[in-house]
Amino acid sequence: MLFSEIPFFVFFLVYLTLHLLLPASLRLYLIIVGSTVFYAWWRIEYVWLPYLLTLIAWAGAIWIDLAAPAHTRRRRLFVVLFALFAPLAVVKYAYFFLINIFAILPAGFPARDGINAFRFAIPLGISFVTFTATAYVVDTYRSKFPLERGLPKLLAYVLFFPHLIAGPILRPNELLPQFSRWSRAIDARFTLGAALFAICLTKKLVFADVIAGAVDHVFSSTAQQPSAWEYLLAIHGFSMQIYCDFSGYTDMALGIAYILRIRLPTNFRQPYTARSIVDFWRRWHITLSFWLRDYLYIPLGGNRNGKGRRVFNLMTTMLLGGLWHGAAWTFVIWGGLHGATLVAVHLMRNRFPQWKVAAWAAIPGTFYFVTLAWVYFRAPDIGTAHRVLLGPFTASWQGFGTFIETYPFELFLLLVFVVTHRFDAHARVRIATRTWNKGILWPIICALFAIAMTVSQGSSAKFIYFEF
């Protein structure tokens, strides 16, 4: 069930009606039941998985809390984390590692034929569920959040359907306390939520889904000699596609939560206006960036043990962050490129603390590094990534007129995106919903819905991050 499809609108209308009618004491159970239906809409046979991971986190946190000595608590934490990550490791990475191990073994090695038994359909949002449950376990272990003895409340935290399958990745303090102070659902936040949802529905259905055709054509293994112009459009277009697709989804989640009087953390802040790769990761998929920092980079030692150790910790974090996105060498390369650039930026800042790059050079420089790295993220294999990166230099530059005639709407959308990206901020939407006349605001919201559904013709492509 996608946020951008008609079945979801029907589902949410029923859910919101029940949310308004039921007493506050029953809303936790409404979240659990409603989120279960939402998740099961995809594949009902995997609906047990988020329940299992939540049960492990709930029981594991209590088990850790019962231990008195610090070393016993630490050992129990490792056991619980192993149990939480085991399903993710098996279904998402076992086949990848086995296929690479057997690639270097003799062709007649007996166990080679059994590799396909480890090729699973990846359960929807398993990475996000695992990270959310891990945040709860680690934060209770660190005494940053009180232990939750009630399983229903923890289930509602993990299963809350707006963030369930593609984030934002939540910490327990960002959602659990809100379950204890329910208030009216129809107020100013309703308008804010509707406006945010309408804007981001447009980002997904109009911008991301329309440009996807031009991108897929070039990245396809069956692409018939694209022109250099098509390569340029695909390279730049995917930067727009992945941002409008992913930020569109998570901001729709924020809008839905606002309507339900729940506030979720912001996940994007105009990332393509970043002045460095460090700044980019403070603006892109913010909840993942901070999760990797707090639950991986800092526990590894962070920047506390010298430059060499800091380089190792940064590279390890970004390589694992790349692998988190998918079990393929292209994602490892993508993570490695970002890791190496982060290391270079930090070393330069330490060496030349007063050195600064002017915004006119820093912003496009960062954007083009990120855009070129995205090619590895999008490509199905390394060979395709290299073909696309070299395409503008090896393909023909002829046929510009045909190119313009073939992709006029895509080029128009790309231009609109470039001009408007720096204004894409929640604060602007919040101000508009507070200050604009409702007689003007609501027709605009309805018009955005109508435009999005008309362009999409009632259908929607799968969200990119559902695969992660």
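Screening 344, 362 for residues that are in a helix (DSSP H, G or I), surrounded by fewer than 17 Cβ atoms within 10 Å (Cβ to Cβ) and in the same structural domain as residue 208 (by TED's automatic domain parsing) leaves exactly one candidate, 362. With respect to the conditions (1) surrounded by fewer than 20 Cβ atoms within 10 Å (Cβ to Cβ); (2) not in a helix (DSSP H, G or I), residue 169 falls short on a single one, namely (1).
Within the set 409, 417, 400, the sole residue that is in contact with a Cys (Cβ under 9 Å, 6 or more places away or on another chain), surrounded by 11 or more Cβ atoms within 10 Å (Cβ to Cβ) and in the same structural domain as residue 372 (by TED's automatic domain parsing) turns out to be 417.
Being within 28 Å of residue 451 (Cα to Cα) and crowded, with 16+ Cβ neighbours inside 10 Å is a description that does not apply to residue 28. Quick one: is residue 292 aliphatic (A, V, I, L, M), touching a Leu at 6+ places or on another chain (Cβ under 9 Å), on the phi < 0 side of the Ramachandran plot and free of Cβ contacts under 8 Å to residues at least 40 places away in the same chain? Yes; evaluated as a whole, the condition is true for this residue. Among the residues of the stretch 5-22, is there at least one that is closer than 30 Å to residue 452 by Cβ, within 24 Å of the chain's Cα centre (by Cα) and either acidic (Asp, Glu) or not in a helix (DSSP H, G or I) (or both)? Among the residues of the stretch 5-22, at least one is closer than 30 Å to residue 452 by Cβ, within 24 Å of the chain's Cα centre (by Cα) and either acidic (Asp, Glu) or not in a helix (DSSP H, G or I) (or both), which makes the answer yes. In the stretch 125-152, of all residues being among the small types (Gly, Ala, Ser) and over 26 Å from the mean Cα position of the chain (by Cα), the one that is surrounded by the fewest Cβ atoms within 10 Å (Cβ to Cβ) corresponds to 143.
The values are calculated or read from the model by the stated rules, or taken from the named source; none is laboratory data. Computed from a prediction, not measured in an experiment: that's the story for all the values here. Note that each Cβ is placed from the backbone with ideal geometry, even for glycine, and that neighbours are counted across all protein chains shown.
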